[in-house]
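Have a look at the structure below before the remarks.
The numbers here are math on the coordinates, done by the rules we state, and not lab data. On a predicted model such as this, the values are computed, not experimentally measured, just so you know. Reconstructed Cβ throughout: ideal geometry from the backbone, glycine too, with neighbour counts over all protein chains shown.
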Amino acid sequence: MIPYKKIVESGVFNSDNPAFVEDMVMTWYFEEVDLGIKVTITAGNVPGDIKKEDYFEGLNSTLENLRRFVKNS
């Protein structure tokens, strides 16, 4: 973790499916821009059984929750 710049997290799925064995790694980058903070997320070892559309829907939901949290803080 680099405060105010970068967070790296990993997680493993609780599943018997061998496609979910490895830890998935997500890296969040934060960059100040004119209108606020730009958030960029990269992901590694995303299980192939997760549909791209579902993955992006989950990320968008997470970012929307973050936006609401920051707005109300």
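In table form, for the structure just shown:
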| item | result |
| --- | --- |
| In segment 32-55, residue surrounded by the fewest Cβ atoms within 10 Å (Cβ to Cβ) [restricted to those that are in contact (Cβ under 8 Å) with a residue 24 or more places away in the chain and not in a strand (DSSP E or B)] | GLY48 |
| Which numbered condition SER15 misses (of (1) without any contact (Cβ under 8 Å) to a residue 12 or more places away in the chain; (2) part of a helix (DSSP H, G or I); (3) not charged (D, E, K, R)) | (2) |
| Per-region count, segment 57-73, residues exposed (fewer than 12 other Cβ atoms within 10 Å of the Cβ) and under 18 Å from VAL12 (Cα atoms) | 1 |
